[in-house]
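Reviewing the structure listed below.
A short reminder: the numbers here are calculations on the coordinates, not readings from a lab. All of these numbers come straight from a predicted model, not from anything done at the bench. Every residue, glycine among them, receives a Cβ derived from its backbone with ideal geometry; neighbour counts consider all protein chains shown.
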Amino acid sequence: MANQMTPEMFMNFVKTASEKDIKAQVLAAGVDQVLDGMFQAMQEHFLPEKAQGVDAVIQYVVADEGREYAYTLAIKDGKCALKKEKAGNAKVTLSMDLVSFLKLMCGAADGTTLFMSGKLGVSGDLFFSQRIAGFFATA
């Protein structure tokens, strides 16, 4: 994770630090490296029993400094497959800036609040998007 922090240390850092400090830490560690780690952790924390009967592609688009980082989670048959790419067939696409994404994933921000404030864009199945968090264990 960011600058040799353990995942737990990074989560606590994101929960307590300012947006400016979070961004500086992530830039120092490398945006790709931090995002790769976050999505790998999501895949590792997947709860197949909570996603029974789900056959869906979830697209995440994280924006920072004019660049978009696309990740896809495909949930099917009790498995969660991760790809670092845009999907053409996503059931839902979640778009947000880097700091909002990190806060959401670390439990420092709520998806509904981010959506209502315009920091989280949702295209596709809005109702399905509300179920996504339940497919993953919280750390």
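Using only the alpha-carbon atoms of the range 57-107 as identical scatterers, what base-10 log of I(q)/I(0) does the Debye formula give at q = 0.13, 0.15, 0.30 Å⁻¹?
-0.31, -0.41, -1.14
Which lysines does K79 reach when only Cα atoms under 26 Å apart count, and residues fewer than 8 places away in its own chain are ignored?
The qualifying lysines are K50, K91, K103.
Pick out, in residue order, every one of the GluC sites (Glu not before Pro) in the range 14-85 that is DSSP loop and has at most 15 other C-beta atoms within 10 Å; say none if there are none. Spell out each step's value before the answer.
Values: sites: E19, E44, E49, E65, E68, E85; in loops: E65, E85.
Of the GluC sites (Glu not before Pro), the ones in loops of the range 14-85 whose Cβ has at most 15 other Cβ atoms within 10 Å are E65, E85.
So how strong a dipole does the range 2-134 carry about its Cα centre when Lys and Arg Cβ are +1 and Asp and Glu Cβ are -1, to the nearest 20 debye?
180
Computed from the mean reciprocal separation of all distinct C-alpha pairs, what Kirkwood hydrodynamic radius does the chain have, in Å?
Details: mean 1/r = 0.0656 Å⁻¹.
About 15.2 Å, per the Kirkwood formula over Cα pairs.
To the nearest 10 degrees, how steeply does helix 7-16 sit against the main Cα axis of the chain, on a 0 to 90 scale?
70
Can you list the aspartates and glutamates whose alpha carbon sits under 14 Å from that of K84, skipping same-chain ones fewer than 8 residues off?
Result set, ordered by chain and number: D32, D36, E68.
Which FRET efficiency, nearest 0.05, do K84 and H45 yield, Cβ-Cβ r, R0 25 Å? Kindly include the intermediate steps, with their values, before the conclusion.
Working: r = 18 Å, r/R0 = 0.72.
Between K84 and H45 the formula returns 0.90.
Please work out how much length the chain gains when fully extended from M116 to D21, using 0.36 nm per residue of separation minus the C-alpha to C-alpha distance, in nm with one decimal.
Values: separation 95, 0.36 × 95 = 34.20 nm, distance 2.43 nm.
Value of the extension gain: 31.8 nm.
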